[in-house]
Amino acid sequence: MANNRINRISSEYMQALAACMRTLKDPRVQGFVSITRCEVTNDLRYARVFISVLGDETAARDAMRGLKSASGYLRREVAQKVGLRAAPEPVFHLDDSIRHGASILSVIHDIENAPPPPPVTVRYTAEEAAALLKEHDNFLIITHRRPDGDTLGSAAALCLALRALDKTAYLFRNPEVTPKYKWVVEGLEAESGFEPETVLSVDVADLSLFPADAKVYGSRIDLSIDHHDSSRAFSRALWSNPHAAATGEMILHIIDLLEVPLDENIADALYTAISTDTGCFKFSSVTADTFTAAARCAEAGADVAGLNLDLFIIKSPNRIKLEGAVQANMQFFEAGRIALVKIDRTMIESMQITIDDLDGIAAISRNIEGVEIGITITEQDDGCKISVRTSSRINAAEICEKFGGGGHRAAAGCNLNGEINAVGEQLVAAAREVLLK
């Protein structure tokens with residue numbers, strides 16, 4: 001019975017105290033404090049009052065001070081409300097249970113909504129990669145954002161080779177494929193609703209380079225095939241060969257391991273991949289293996305002359321105008337050893353420049369005598385795209401890695417947000433640091 005009486009008094013005390021606290025004028029207490037529970041001692045001398053405070057630790061500390069200074073007033077007011085000659089003296093305690101519970105819920109929410117962790121990547125040899133392709137089926141092959149000839153040609157050649165083995169294989173429908181390369185993917189893109197069992201990526205150095213719609217596959221890439229020095233692990237298996245001038249060289253090797261003979265279609269796709277990623281065999285990355293691969297494509301029926309004409313020789317009138325503007329407005333630093341090209345949206349819109357017109361524009365600055373680092377900045381709707389080309393003495397990837405990008409020693413890239421002139425200053429400063437070290 002005594003316990004029931006104490007419980008009743010505790011409840012009444014808590015209600016009365018809460019009402020009295022609302023009358024306090026102290027700004028440290030107003031609207032920020034609530035009572036979570038109250039425990040009156042058996043002798044009615046004290047009441048342990050647990051409070052919760054809205055805010056940080058400073059707000060909690062200030063509220064405790066405000067309540068302590070008002071404890072005499074509160075005790076007298078409560079005594080009148082509960083009908084006691086002398087109400088218990090309130091002793092305030094900070095109750096962190098609500099904040100702790102909210103913290104736990106927040107952690108649980110973060111865990112539930114966190115993206116799945118990336119798989120542990122195992123580095124494969126070419127033979128192991130070929131074995132995986134032989135064992136699996138129902139393939140989806142992903143290419144990178146702003147796809148170039150290497151990613152598209154490599155993916156198309158691999159897709160055709162897998163189909164030659166009577167396997168189901170499709171390319172992810174990359175929305176950024178331009179008219180210049182549309183023929184490469186024609187008839188190979190997956191229709192909506194296709195559910196792959198095996199997901200591959202080709203010529204993709206980092207998960208951030210996936211097209212937006214392809215990022216749903218980010219945690220389930222079974223095999224990544226890439227030739228970039230800066231490849232970052234995001235797949236279950238990675239076959240990487242930084243010595244290959246183009247991923248197309250690697251795809252030819254794996255097609256040989258799959259024992260699929262080259263036909264004209266595969267050869268056209270492979271030649272497109274290899275020639276475009278080497279600047280029609282002009283870059284320092286080109287090796288004897290590169291020429292051998294191209295020769296094999298020609299032997300298998302690739303339209304070498306026609307592809308060279310379409311990919312490297314014929315230019316639109318707008319591309320010619322763009323090249324003139326780039327040459328006229330190029331800036332030079334460090335006695336002409338660094339060249340900077342800025343292509344802003346105004347230039348792109350006024351000249352009606354297409355993505356295909358911009359293809360290969362980054363090579364222009366390195367064609368100038370004395371230039372060791374050529375930087376091209378193209379202003380786009382989602383920021384600035386940066387392409388860096390360097391002499392054999394300078395590592396282009398080292399410059400771009402400072403901004404979260406990467407690539408090869410002689411050719412690398414990254415993306416930066418910001419006003420194009422400010423971005424240019426950042427890039428020149430980074431290039432100067434690498435050049436003069």
Subject >> Of residues in segment 377-396 being out of contact with any Gly (no Cβ under 9 Å at 6 or more places or on another chain) and not small (Gly, Ala, Ser), the one surrounded by the fewest Cβ atoms within 10 Å (Cβ to Cβ) >> reply: 381
Original post:
Within segment 415-433, is even one residue in contact with a helix residue (DSSP H, G or I) (Cβ under 7 Å, 6 or more places away or on another chain), in contact (Cβ under 8 Å) with a residue 40 or more places away in the chain and assigned to a helix (DSSP H, G or I)?
Top reply: yes
Subject >> Residues (under 29 Å from the mean Cα position of the chain (by Cα) and either part of a helix (DSSP H, G or I) or under 17 Å from residue 183 (Cβ atoms) (or both)) located in segment 150-169 >> reply: 150, 151, 152, 153, 154, 155, 156, 157, 158, 159
Original post:
From the residues in segment 154-172 that are without any contact (Cβ under 8 Å) to a residue 60 or more places away in the chain and surrounded by fewer than 18 Cβ atoms within 10 Å (Cβ to Cβ), which one is nearest to residue 272 (Cα to Cα)?
Top reply: 163
**OP:** Scan 114, 60 and give me the residue that is within 30 Å of residue 222 (Cα to Cα), modelled with pLDDT under 85 and among the small types (Gly, Ala, Ser).
**Re:** 114
Original post:
What number of residues within segment 210-253 satisfy the criterion of being in contact with a strand residue (DSSP E or B) (Cβ under 9 Å, 6 or more places away or on another chain), part of a helix (DSSP H, G or I) and either under 24 Å from residue 280 (Cβ atoms) or not assigned by TED's automatic domain parsing to the domain that holds residue 158 (or both)?
Top reply: 3
**OP:** Considering only segment 70-89, state which residues are part of a loop (DSSP other than H, G, I, E, B) and closer than 14 Å to residue 43 by Cα.
**Re:** 84, 85, 86, 87, 88
Subject >> Count - residues of segment 360-394 that are touching a helix residue (DSSP H, G or I) at 6+ places or on another chain (Cβ under 7 Å) and not aliphatic (A, V, I, L, M) >> reply: 9
**OP:** Would you tally the residues in segment 335-359 being of a type outside the set (Val, Ile, Thr) and either over 25 Å from the mean Cα position of the chain (by Cα) or closer than 16 Å to residue 396 by Cα (or both)?
**Re:** 11
Subject >> From the options 322, 358, residue that is over 26 Å from residue 409 (Cβ atoms) and assigned by TED's automatic domain parsing to the domain that holds residue 429 >> reply: 322
Original post:
So residue 270 fits all but one of (1) at pLDDT below 95; (2) part of a helix (DSSP H, G or I); what number is the exception?
Top reply: (1)
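The values are calculated or read from the model by the stated rules, or taken from the named source; none is laboratory data. Not measured: the values here are computed from a predicted model. Note that we place each Cβ from the backbone using ideal geometry, even for glycine, and neighbour counts take in every protein chain shown.
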